[in-house]
Amino acid sequence: MAANSNTLATAFRHHQAGEFRLAEALYRQILQTDPYQTDTLHLLGLLHHQTGQSETAINLVHQAIEQDRDNTLYLSSLALIYRETDQLEAAAGCYRHLLHLQPDKADSYFALGVLLAELGQPAEAVASFRQAADRQPGHAEALYNLGVLLARQQQYTEAGACYRQVLALRPDYAEAAYNLAVLLRRQNQVDEALLYYRQAVALQPDNIFWQLERDTIFPLVMPDSPSIATWRASLATALSRYAAGPIDLSRHLKALTSSNALPTLYLNYHGCNDRALKEQYARLFTVSEPLAAPSTPRVTGPPYRLGFVVTGQHEGIFLRVMGGLLDRLDPDRFTISLICPAPSLNRIRAGLSRPDLTFLTLTPDLPASIRRIKEQDLDLVYYWEVGSDSLNYFLPFFRLAPVQCTSWGSMGTTGLETMDYFISSRFLEPDDAQRHYSESLVLLDSLLTYYRRPALPTPLKPPAAFNLPDQAHLYICPQSLLKLHPDFDPLLAEILRQDSLGRLILFEGNQPAWVDRLRRRWQASMPDVVSRIQFLPRQTYPDYLNLLVLADVMLDPLHFSGGITTFDGLAVGLPIVTLPGELMRGRMTAGCYQKIEVLDLVVTSPEEYVAKAGQVATDSVYQDQLRRRILASQHQLFEDITAVRNLEQFFQSILADDAKTAKLERPQCLVYSS
């Protein structure tokens, strides 16, 4: 035994020195005489893991644990090996065993929380981080990760408190200062957000993305229309201070999945043509190394290989708008790959019935993900959204396929040179629409979705169930609060002034600060009627549909009309008053009315908008006539196979050999008719 002990010490010294062959020979010499020597089995397992033989490593450490089941060191090593070989469930099992043995071990709770977050189990991860922070109150990493997950779950107040605790413990924690700045910006607290952006940049002065966010910040809920013009001018000035192409995305790949440098997302709510600003912003970025897949001879379809990119937290609306289309695209002409993060896989799989789908997972290792996608040799990649998060904004710069396109999920032009086509509809665009797009504009002869008619809840609840008065005229506007442009305020005020029984119904959304900012804006601009604006909490989908049935009229916002809400409203026969805007995103409701040939509520002036809304709400006979006409015609909006055939026609024509090899002078408008 003494000889083995000395041999083990010598072997361990060789191991630490990186002399793996000598160490392994001595470890195996010990095991020849004592095959159950647990420390040797454990150390030999670690050596095999270090030399890339992880399956052998796992087997050896398991043998050690079989002899000493409660050895926390062995369990920790096994968890580490599982973690580093992406066997996350097995690693989590090890940490649960460790916590059974050491229930007060904060670091084990923290490690388990990290794994659970990666496994797409946020509620369980939050519980683990809370346990870590409770057992070690100064555990800054646990508090930070807890803040990250709470922010993702839209628990912004508690998330902010976590980041503030972290900064009290560690004022040099740059990521906590940055995340707090992002949180405050989303809550429309621009001045305080700037303080934390400056703190974060001071701690990491080379972080170009944080500098960019600091320099391009603006309020999300604007106080008035002149402020929008002022902030947009400031944004253009800030962008002009950066030289074209100073940010090489190839050298910042780790930052691309966590950056919030996305002013282009919120520009969509300003009611302006954003093309120039979005192009100016996109010119800041370049890609010196596009991460090309290994070169192989390209084989073209049919069947053509299509990829659809969906990033986290956007799965639900993607499935509602695109699910019916993907299920019906001709499998003889097109194969489909869904490109999404691992936590999105199960939800997307459950929402699609197409049996031949393949999935490509976006992992935190972005270079590997990009190479893996390019290895599939896709003919075309369709991005559901571009600019709603950093991942779907920056991925197109790496050109995942010869043809890249997006559509109404992006809400408008992307401004990216690498985005080839924007797919829209002749029902949604004005005659000169190409000037709004840096992409070539594609006009289909449909409304771009195979939208399934929603099923109404039964039985329906009365107004009192939602704390609404029985006798009021209910004007509902079930939109994101960011869509409520200051230009819309005078119309809302006048509608309520002309209808003393009128009640405007809005939904709070996930940012209480936006509600507060809007209330203050309206208290200043319409103090006489603000008391009849009622905010309801976020609703379940059946309760939301129930409210649409109860409403007398839906008010379509100026500049940014309803999309999904318009389909849902018309499905229940709810009259929607709309004043079409200049841009596609302000014309969706008008496009639906054009499709079903019911144009009574498509108005041409603010004055007509106010008058028509009041007439619908107060004249029950007129309202009933409109409901019957809508219900008689709205079948044309749902399960529209024309949308499927149109999309197939576009894909087929643009991917044909002659189309791919021809030089397309961009941008230009392409029309595809039924």
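What to note about this one:
- The residues in the range 72-103 that are of a type in the set (S, T, N, Q) and under 21 Å from GLU55 (Cβ atoms) can be counted, and the count is 4.
- Given (1) open to solvent by 80 Å² or more (accessible area, probe 1.4 Å); (2) assigned to a helix (DSSP H, G or I); (3) modelled with pLDDT under 95; (4) not acidic (Asp, Glu), number of the condition TYR27 does not satisfy: (1)
- Pairs where the first residue, in the range 100-115, is over 19 Å from GLN87 (Cβ atoms) and assigned to a helix (DSSP H, G or I) and the second is of a type in the set (Ser, Thr, Tyr) and open to solvent by 30 Å² or more (accessible area, probe 1.4 Å), C-beta under 9 Å, 6+ apart: LEU101/THR72; TYR109/TYR95
- Residues located in the range 416-446, provided they are of a type in the set (Gly, Ala, Ser) and either assigned to a strand (DSSP E or B) or open to solvent by 10 Å² or more (accessible area, probe 1.4 Å) (or both): SER424, SER425, SER438, SER440
- Members of the range 149-167 found to be within 21 Å of ASP107 (Cβ to Cβ) and either free of Cβ contacts under 8 Å to residues at least 12 places away in the same chain or open to solvent by 30 Å² or more (accessible area, probe 1.4 Å) (or both), listed by number: GLN165
- Residue in the range 79-97 that is touching a residue at least 24 places away in the same chain (Cβ under 8 Å), open to solvent by less than 20 Å² (accessible area, probe 1.4 Å) and within 21 Å of GLU24 (Cβ to Cβ) present: yes
- Taking the criterion of being assigned to a strand (DSSP E or B) and either open to solvent by 20 Å² or more (accessible area, probe 1.4 Å) or basic (Lys, Arg) (or both), the only residue of the range 361-403 that qualifies is THR361.
- So LEU60, is it touching a Gly at 6+ places or on another chain (Cβ under 8 Å), hydrophobic (A, V, I, L, M, F, W, C) and surrounded by 14 or more Cβ atoms within 10 Å (Cβ to Cβ): yes
- Any pair with Cβ under 7 angstrom, 6 or more apart, that starts in the range 225-243 at a residue that is over 20 Å from ARG521 (Cα atoms) and without any contact (Cβ under 8 Å) to a residue 40 or more places away in the chain and ends at one that is of a type outside the set (A, V, I, L, M, F, W, C) and part of a helix (DSSP H, G or I): ALA238/ASP215
- Options THR449, THR406, THR413; residue that is open to solvent by less than 20 Å² (accessible area, probe 1.4 Å), of a type outside the set (A, V, I, L, M, F, W, C), under 30 Å from GLU597 (Cβ atoms) and free of Cβ contacts under 8 Å to residues at least 60 places away in the same chain: THR406
- Selection of the range 127-138 for residues being crowded, with 16+ Cβ neighbours inside 10 Å and not in a helix (DSSP H, G or I) yields only GLN136.
- Screening GLU124, GLU141 for residues that are out of contact with any Phe, Trp or Tyr (no Cβ under 8 Å at 6 or more places or on another chain), at pLDDT 95 or above and open to solvent by 50 Å² or more (accessible area, probe 1.4 Å) leaves exactly one candidate, GLU124.
The values are calculated or read from the model by the stated rules, or taken from the named source; none is laboratory data. From a predicted model like this one, the values you see are computed outputs, not experimental measurements. For neighbour counting, all protein chains shown are included, and Cβ atoms are generated from backbone atoms with ideal geometry for every residue, glycine included. Note: accessible area is taken over every heavy atom of the protein model, side chains too, but ligands, DNA and RNA are not part of it. Shrake-Rupley method; radii C 1.70, N 1.55, O 1.52, S 1.80 Å.
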